[in-house]
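What follows is calculated from the coordinates using simple rules that are stated; it is not laboratory data. Given the structure is predicted, the values throughout are model-derived calculations rather than measurements. Methodologically, a virtual Cβ is constructed for each residue, glycine included, from the backbone with ideal geometry; neighbour enumeration extends over all protein chains shown.
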Amino acid sequence: MLMLKAVLYARYSSDLQNPGSIDDQLRLCRELAERQGWEIVGLYHDEAVSGASLQGRDGLQRLMEDGQARQFDIVCAEALDRISRDQEDMARIHKRLRFVGVALHTVSDGRVDELHVGFRGTMNALFLRDLAEKTHRGLRGRVEQGRSGGGLAYGYDVAADQGEGARQINEREAPVIRRIFKLFADGQSPGRIAAALNAEDIYGPRNRLWSGTTIRGHRSRGTGIINNELYRGVLVWNRQRYLKDPQTGRRLARPNPPESWIRTEVPELRIVSDALWQAVQLRQDEIENRSRAIAEGVRIAAKAREQGLLPVSSGLCRLLVCGLCGGEIIHVGRQRYGCAAHARKKACDNRRTLERRVMDAEIRSVLEEAAVTIMLHAEPLEQEAQAQGDLQERRMERERQELVVVEGRIQSVMTAIEDGLYTPALKTRMQQLEDRAARLRASLQIAGAHQRAALTAPRRFTAQARKLIGALRERDDTETVLKLRRMIGPVAMTPAAGQSGLRFTLRARRGWEG
Ligand SMILES: [Zn+2]
């Protein structure tokens, strides 16, 4: 049977707070391809903050070119908005692919047709796409009626007699909320407010003790008592959307951009006045400004340390080698990194240096590509190892058979000698046979051990490399960097045309081959 050829497309934001994103997207796409029995023949991806424009999205542009050349049958993406959030672009891409007979499939929608593109495009443009889901439709209706779109917040009770999802103010909890707002606006810290409430045996949400976090939460995510807009009579919904992980069946929450949040006035649920709400916002602004100032101070201090030319460790730079001389890349001063041989003795012509921030970003993008490459090659490599193993096994079988024959002959010679047929020629023959048997036994022993290691090597390699790359997304720990370098080889930093004046390439090496 002819297998359809599929390519995967993923787009991920450069925001390192969401490092799992590309892995998740590719895994979901791969699973879709596997379920459908497609052969994955390529992978395209872009690192882009926004899906709104095709500018700077080389991956997608290459995909379109290769699609035009009919190098595959299917494009597979996690969702339509990974390809584009712009309706016109989306329609154009779909049309061009359809023209050359390439189908577009997404994990969330299956095969994408024209109607889909139009409909989804509109929805995406409004950032409301998940509202189209059946369950959400019901919830949205309730939100618009000013009822609960999620869990029950502190300060409210279920008003069962007013229909599903309706709520009303809890007259015992509402004064506590007003008190928290007042104290915070007056300059008390969330931790102190929590301690005072706990000391009075006033319980917090879900009957737990109060903590600073319960009160403070995260302003940008709208969590925490002082950030809950419901208390000023505004219901906010659609802060996040949910994707179902087909492997585990678990729902994964993804934050929605603030533009897609839905706000509904619910004056009957108001607990704090607008003036008090504003006072709390103001104090939060002050706190944020102060912490920004502290961060700036830290930055200035770091810069001063740089100018003192003290070595500043960037764990990631240990992954690099100079593309010209193969030597180390080191900190050469003023936050910049370059070839050690050039910096120390001008012994190398690689005079380019680059800023740590840029260098780290370049290395990270090489690592992400490496992670993808490793993942895409995991299976073929295991198959290759298996095939090599089978060959090896056949060779070992021949040796085992030969050993049986040789041992049989040794036995015959022994019998001849015992029968009194001893001759010098027989003695030489005996020696040869003994040698051969010893060599076969040694060979079989070594091959057996090698065989066991070789069969599991690709799997171990893949797992270990992905684990290390994953760890480096969190922090650039030198030991992890060095371990990874031993496995996948160094990244060469070579002078090149272009913006940074440098090219970064993984000197690909298949780690388990030593
Ligand atoms: Zn060099």
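Here are the numbers for this structure:
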quantity: Spacing of the two label points (7 Å from each Cα toward its C-beta) at Q392 and V405, in nm; calculated: 2.4
quantity: Calculated FRET value between A425 and R459, using beta carbons and R₀ = 56 Å, to 0.05; calculated: 0.60
quantity: Full-stretch length increase - D58, R219 - with 0.36 nm per residue and alpha-carbon distance subtracted; calculated: 54.4 nm
quantity: Point-charge dipole on Cβ atoms (K/R +1, D/E -1) for segment 358-513, about Cα centre, debye to 20; calculated: 220
quantity: Environment charge of Q284, counting only residues whose C-beta is closer than 15 Å and scoring Lys/Arg +1, Asp/Glu -1; calculated: +3
quantity: Distance between segment 347-368 and segment 264-292 - C-alpha centres, whole angstrom; calculated: 44
quantity: In nm, spacing of pseudo-spin labels at R292 and R192 (7 Å Cα→C-beta vector); calculated: 2.5
quantity: Full-stretch length increase - A91, A199 - with 0.36 nm per residue and alpha-carbon distance subtracted; calculated: 32.8 nm
quantity: Sites R283 and R336 - FRET efficiency at Förster radius 41 Å, r taken between beta-carbons, to 0.05; calculated: 0.50
quantity: Alpha-carbon centroids, segment 392-446 and segment 453-481: separation in whole Å; calculated: 46
quantity: Fewest-first sequence of Y422, Y337 by Cβ atoms within 10 Å of each Cβ; calculated: Y422, Y337
quantity: Farthest positive-ward along segment 361-422 dipole, Cα basis, beta-carbon charges - from M414, L391, S365; calculated: M414
